[in-house]
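The block underneath contains the structure these notes are about, expressed in structure tokens.
The values are calculated or read from the model by the stated rules, or taken from the named source; none is laboratory data. Keep in mind the model is a prediction, meaning the values are calculated, not measured. As a convention, Cβ positions derive from the backbone with ideal geometry for all residues, glycine included, and neighbour counts pool all protein chains shown.
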Amino acid sequence: MTSSVAVRRGTYVDSVRLMQVTREAGRLPGITAALVAMATPTNLELLAAMGLARPDGAGPDDLVVALEARDWEALSRAFGVIEEALARAAGPGAPGGFAQPGPPRTVRSAARRLPDANLALVSVPGQHAFTEAMDALEAGLSVMVFSDNVSLEEEVTLKEEAERRHLLVMGPDCGTAMINGVGLGFANVVRPGPVGLVAASGTGSQQVVCLLEAAGIGTSHVIGVGGRDLSEPVGARSCLRALGLLDADPATQLIVVVSKPPSPEIAAQVRDAATGCSTPTLLGFLGLGQPDLTSLAEQVVAHLGRPAPSWPRWSGEPGQQARPGALRGLFSGGSLCEEATAIAAQALGPIRSNVPLDPAWALPDDLRPDGHVMIDFGDDRLTTGRPHPMIDPTLRRERLAAEAADPTCGVVLLDVVLGHGADPDPAAWLAPAIAAARAGGGPAVVVSLCGTPGDPQGLEAQAGQLAGAGASVHLSNAEAARQAVALVRDR
Amino acid sequence: MTADSLLAGEPVVVTAGLDLLHDALTAQAAVTQPVAWRPPVPGCREPLAAVMADRRREPANRAALDRLLSATPHLVDVRPAGEALGLERGCFLHAGPPTTWERAPGPLRGALMGAVLLEGLAETPEEAERLLAAGSGITLEPCHHRAAVGPMAGVVSPSMWVLEVVDTTYGRRAYCPLNEGLGQVLRYGAYGPAVLDRLRWMASVLGPLLRAALRSHGPLDLRAITAQMLAMGDEGHNRNRAATSLLLRRLLHHLVLSGAPSSELAAAVDFIDGNDHFFLNVGMAASKACADAARDVPGSSLVVAMARNGTDFGIQVSGTGDRWFTGPAAVPEGLYLGSFGTEDASADIGDSTITETVGLGGFAMAAAPAIVQFVGGQVSDAISATLAMYEITLAEHPVHRLPILDFRGCPVGIDVTLVARTGILPQVNTGIAGKQAGTGQVGAGLVQPPIQAFTAALQALAEACGG
């Protein structure tokens, strides 16, 4: 066995691209471990966990290529492959003949080259997102800040600036948006239709949109505003702006606001703005003891005078039974996790979580307590220095295997979010993992599958594989949560 | 554009960050332009965020830039430096940020010795050196502190004649000494008898003749000459052949009318015609007038001076007044004369980077295919050099245009935040002086400014906005 850790100083490649390169390298013959990553603290820990030496003085601006191989030949071959893959990642832009311009390096420069641009999608690491977003506003672009880990103060500054320039800021930590059928960030493919969403909740709005699609109701636009928009300091600035935009949009006949319940003052402001709209507006302030996303979708269906739908479900193993034990929820979507936690807590009592409903229910730092647990793997603290779990399944896959082997776990509840931007084939890793968990007499598995038939992954194909592996699969997250609770209780 | 029309059609999107999200847009056939984003220069995150959040910055930069671009420099006079700059006996100006005899490199020391000899403060080079080392009765001051600029060592003493430029829009004046030609010259640190004789002739014959011609001609519009020179293959720093010809053409009639003896006239015309860089100093004074127009706008992150004293490379920024931000001056990379090589070269020196400060020189490389050997040998290299500068500048010059780029305006207005965000440093063309005092020029080439100067300026801007 031989290994090597090389550092390329000052070389930057985005984390998702590096994950692809790492995966490619890890599959090469003779390679037993591979990590191609920026030398962030998280990645250096990962390196140590792989038993490889930590390179001297490497920092977050340096690229680390770490390989362990059966022999030198395999090692050097892998280095060659990584070299090529990284060169591809660097992209075109080399001048030839009478020089072509290199790629733009800032949002302002890119906006100059695309004179019709009206929106910037910023997904750089959170600590740098403010600068690029501000640059976008100065260039006259509305901006969607996909990045998380942006400070509250920076968010307020951005939204004040947008207000002065009559622009819109979606986010920060805005995972999804859709404008005239074009999905931004994580977005499901839906038909055009009468419903326009204002969402302070990314996967919450994806859930509503997917349920409406299943009920045959299309969506005009989804305007994400970021999870903190309706907080006191931010003052619902983007929400109010979005209400105005949707109210003025001829395609939108019903506006739906999806958010956690804000403070009474903010709620009153939003309610006033909604009352002032000439377009009917439903306020979906969701949370413990409030209606869930599914009932919000049902309200929309009723409002539009359509028959009450029955939400799709897929079951490969009718009458799936759980072994005795606790409920363990492993989520990638924050709002889906919250909703499932609220539903489970009403039935089962305290649910430990990294985003707890009650501070007393906070998880220990190792995230491994006894009893019922819900983990949001998309939470800021778990995504620092690594891609979102909707893109990178590593942490959830490891945890699923651990829960399957844990005799105190009775039921595992997972969400799977389809659509643009998300994992191109989640069933490819999840179905075998479910089958393995079920085969060993392990926990029952319930999947909340958020997607549409038009999504690149295909709703039916994914549902079929997951159900075939032994999971109960639900389009409605609330129904999935209720079934998981029932399975725990039935024992 | 406001968000009011955002929902009217499909979004047209600039993406910065994850390729995956850009690819998802491409898969939906959306019109996009990805940014090749990289993290900012290390240590700049906090000050960048503070400066980006400063409400004054954007309007301040617009105001500063507007002044820089609407300044109209005219050459109006040629006068003795003593009178024009209020220079007293014993006061010597030099290039770059403030420095001392102890820190001065060979070329600056040689030039100062020559100037001391020229002013009659010493009889021999050795005596001049002792006097300068002792420092009694000697004052050293940057040219920039007197609204002046000087190429290479940039040494100006009272009896040298300087070009006087007036910006007729804002009324500021700027000065630069007359160019001495190439080879053994004071600005490269040579101080032999031939050097001093030439300077005396310039003060007694050339200066007065040019003054007469200029006064007869009236204010000479330098913006127009600069625009024409760019169309004729000059970038205004390492190539000034076209502009020198244009200047001589404009003045010839008035030189002849001056009534000077034909032998003097012929010598003056031969001197200008025989020196392809004669216009450099005129262009520098014009550049200084434009850059100074943009000074002192609170909150502005626009660079208004870049200058080197052979030890430090310094910059000044509109929003931080007269403060210099410095880093070590590098040894230029370039082409060397005769048997000279890198080991003979002094570290970067001169105020001529004022041309890059206003979007000429290295920023206008695309205008000068004749000198592409400085940037790699191919025309595409010159174009790439200019194209890269659009990434760190705030505007395209409305008058200074580049034919080979379809008459796109020169990249102008270096923004400290853009340098810190991209890590792209200003492209600087330069002459190279020998490091031994008295050697003169050894070559010409390119030099990289130190990033520290820009990060220090960013930090100061951040502190100035309470960040």
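What the table below lists for this structure:
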read-out: Which listed residue, of B:Ser339, B:Ser300, is outside any strand (DSSP E or B), assigned by TED's automatic domain parsing to the domain that holds B:Ile371 and at pLDDT 95 or above; value: B:Ser300
read-out: Lone unmet requirement of (1) part of a helix (DSSP H, G or I); (2) crowded, with 24+ Cβ neighbours inside 10 Å; (3) touching a helix residue (DSSP H, G or I) at 6+ places or on another chain (Cβ under 6 Å) for B:Arg239; value: (1)
read-out: Close pairs (6 angstrom Cβ cut-off, 6 or more residues apart or separate chains): more than 7 Å from chain B (Cβ to nearest Cβ) in segment A:105-119, surrounded by fewer than 24 Cβ atoms within 10 Å (Cβ to Cβ) anywhere; value: A:Arg108/A:Ala139
read-out: Test: residue in segment A:393-410 that is assigned to a loop (DSSP other than H, G, I, E, B), under 29 Å from A:Thr22 (Cβ atoms) and more than 16 Å from the chain's Cα centre (by Cα); value: yes
read-out: Residue identified as touching a residue at least 24 places away in the same chain (Cβ under 8 Å) and within 14 Å of chain B (Cβ to nearest Cβ) among A:Thr341, A:Thr383; value: A:Thr383
read-out: Residue ID - nearest to the other protein chains (Cβ to nearest Cβ), chosen from residues in segment A:20-39 that are in contact with a strand residue (DSSP E or B) (Cβ under 8 Å, 6 or more places away or on another chain) and assigned to a helix (DSSP H, G or I); value: A:Val21
read-out: Hits in segment A:455-491 - residues which are closer than 30 Å to A:Gly181 by Cα, out of contact with any helix residue (DSSP H, G or I) (no Cβ under 8 Å at 6 or more places or on another chain) and in a loop (DSSP other than H, G, I, E, B); value: A:Asp455, A:Gly458
read-out: A:Leu413 at pLDDT 95 or above, surrounded by 16 or more Cβ atoms within 10 Å (Cβ to Cβ) and in the same structural domain as A:Ser332 (by TED's automatic domain parsing); value: yes
read-out: Index of the failed condition, B:Ala330 passing every other in (1) touching an Asp or Glu at 6+ places or on another chain (Cβ under 6 Å); (2) at pLDDT 95 or above; (3) over 23 Å from B:Pro177 (Cα atoms); value: (2)
read-out: Residues that are surrounded by fewer than 22 Cβ atoms within 10 Å (Cβ to Cβ), at the interface with chain A (Cβ under 7 Å from one of its Cβ atoms) and of a type in the set (Val, Ile, Thr), drawn from segment B:7-30; value: B:Val12
read-out: Exclusive hit being outside any loop (DSSP other than H, G, I, E, B), facing chain B (nearest Cβ under 9 Å) and over 23 Å from the mean Cα position of the chain (by Cα), set A:Ala129, A:Ala136; value: A:Ala136
read-out: Check on B:Gly283, small (Gly, Ala, Ser), surrounded by 24 or more Cβ atoms within 10 Å (Cβ to Cβ), touching a Pro at 6+ places or on another chain (Cβ under 6 Å) and modelled with pLDDT of 95 or more; value: no
read-out: Residue within segment A:412-431 that is charged (D, E, K, R) and more than 21 Å from the chain's Cα centre (by Cα) present; value: no
read-out: One residue from A:Asp292, A:Asp365 being within 30 Å of A:Ser231 (Cα to Cα) and either surrounded by 15 or more Cβ atoms within 10 Å (Cβ to Cβ) or β-branched (Val, Ile, Thr) (or both); value: A:Asp292
read-out: Residue within segment A:62-71 that is closer than 25 Å to B:Ala24 by Cβ, surrounded by fewer than 17 Cβ atoms within 10 Å (Cβ to Cβ) and not basic (Lys, Arg) present; value: no
read-out: Residue within segment B:186-193 that is surrounded by 24 or more Cβ atoms within 10 Å (Cβ to Cβ), in a helix (DSSP H, G or I) and of a type in the set (D, E, K, R) present; value: yes
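Yes/no per residue for (1) crowded, with 22+ Cβ neighbours inside 10 Å; (2) modelled with pLDDT of 95 or more; (3) at the interface with another protein chain (Cβ under 7 Å from one of its Cβ atoms); (4) under 30 Å from B:Met160 (Cβ atoms):
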residue	(1), (2), (3), (4)
B:Ala60	no, yes, no, no
B:Ala63	no, yes, no, no
B:Ser70	no, yes, no, no
B:Val76	no, yes, no, yes
B:Ala81	yes, yes, no, yes
B:Leu87	yes, yes, no, yes
B:His94	yes, yes, no, yes
B:Pro98	no, yes, no, yes
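Yes/no matrix, rows are residues, columns are (1) buried (at least 19 other Cβ atoms within 10 Å of the Cβ); (2) among the polar types (S, T, N, Q):
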{"position": "A:Val13", "(1), (2)": "yes, no"}
{"position": "A:Leu18", "(1), (2)": "yes, no"}
{"position": "A:Arg23", "(1), (2)": "no, no"}
{"position": "A:Gly26", "(1), (2)": "no, no"}
{"position": "A:Ala37", "(1), (2)": "yes, no"}
{"position": "A:Thr42", "(1), (2)": "no, yes"}
{"position": "A:Glu45", "(1), (2)": "no, no"}
